[in-house]
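Have a look at the structure below, then the notes.
Bear in mind these aren't lab numbers, they're just calculated from the coordinates by the rules spelled out. In this text the structure is predicted, and so the values were computed from the model without any measurement. Using ideal geometry, Cβ is built from the backbone for each residue, glycine included, and neighbour counts are taken over all protein chains shown.
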Amino acid sequence: MSDKSRCSRRGFIRVLSGLSALAAGFSSRCLFATDFVKNRFGERMIESYPPFDDARSKKVMFVAHCILNQNARINTCAYTPAAIPKIPECLLRRNIGIIQMPCPELACLGLGRGGPEQIYDQLSTPGDRRYLRSIARDVVYQAMQYRKQGFRVLGVLGIDGSPSCGVDITYYSGEKPGKGAFIEELTQALADAKLDFPVKGVVDAKPDEAETLIATLDPE
Ligand code: SF4
């Protein structure tokens, strides 16, 4: 056999094995354009709706970061060594998954940030507001994912009296009625997405009230 015919024979075998691999792919599970959706970055991803038929409760609650980690608090403002125990205990007793939101002040202003007087204004610079909007959008995205898959999103627990996470009471030259900077962005992002779950404030020093509030958000 000449060199030329040997080469063309090898090429033919290669093409044949490529075709059979392609056929094997099609006969098992091949992906079509309709299998993909766009993720929030406009990129293709595969989405499915499994039954989630396992141990999970299918109910979740978003909580301000410092409910689980008082170490993020401003100097002199940690109320307990670690978490505010009664709140996670109550959530876990009720089989509610706890989603800890980032601490906006820690992320924008650092752990050694100054007193609460200037915090609302400091969080209102264009860059910090952009960051607050981005974490608000992330909360909305996660909430929509849970809702879409049939989970119950019971709400958001903020921290009343905080210039960032206050819901009914903020801090601006003393405690005042109103929302903190992050909760302003979050409630706007929830409204834009037409999500209607409750955003409620709790107070560290009143964990019993927080337990009562959680019971109203999660009626048995
Ligand atoms: S109230 Fe908000 S900003 Fe303040 S420490 Fe807690 S999570 Fe951070």
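The table that follows gives values for the structure above.
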{"quantity": "Value of [θ]222 nm, deg cm²/dmol, for the chain, DSSP H segments ≥ 4, -39500 (n - 2.57) each, nearest 500", "calculated": "-13000 deg cm²/dmol"}
{"quantity": "Amide hydrogen neighbours beyond the local backbone of Tyr171, cut-off 5 Å, H modeled", "calculated": "Lys176"}
{"quantity": "Members of Lys148/Lys179; Lys38/Lys58; Lys38/Lys206; Lys148/Lys176 lying beyond 32 Å, as alpha-carbon distances in this model show", "calculated": "Lys38/Lys206; Lys148/Lys176"}
{"quantity": "Between 0 and 90°, nearest 10: helix 207-217 axis offset from the chain longest Cα axis", "calculated": "50"}
{"quantity": "Amide hydrogen neighbours beyond the local backbone of Gly155, cut-off 5 Å, H modeled", "calculated": "Phe62"}
{"quantity": "Backbone HN-Hα couplings from phi across the stretch 54-68 [Karplus 6.51/-1.76/1.60, Hz, Gly and Pro as x]", "calculated": "9, 7, 5, 7, 6, 9, 9, 9, 8, 10, 4, 3, 6, 4, 9"}
{"quantity": "Shape of the stretch 120-160, Cα gyration tensor, a/c cut at 1.5", "calculated": "oblate"}
{"quantity": "Footprinting exposure proxy for Met144, Met45 (fewest neighbouring C-beta atoms within 10 Å first)", "calculated": "Met45, Met144"}
{"quantity": "For Lys148, Lys179, order by how many other beta-carbon atoms lie within 10 Å, fewest first", "calculated": "Lys148, Lys179"}
{"quantity": "Helix 3-27 axis, angle to the chain major axis (alpha carbon atoms, nearest 10°)", "calculated": "40"}
{"quantity": "Rounded to 10°, Cα long-axis angle of helix 126-148 versus longest principal axis of the chain", "calculated": "70"}
{"quantity": "The chain, dipole about Cα centre (Lys/Arg Cβ +1, Asp/Glu Cβ -1), debye to the nearest 20", "calculated": "1660"}
{"quantity": "Square roots of five times the Cα gyration tensor eigenvalues for the chain, Å", "calculated": "51, 22, 16"}
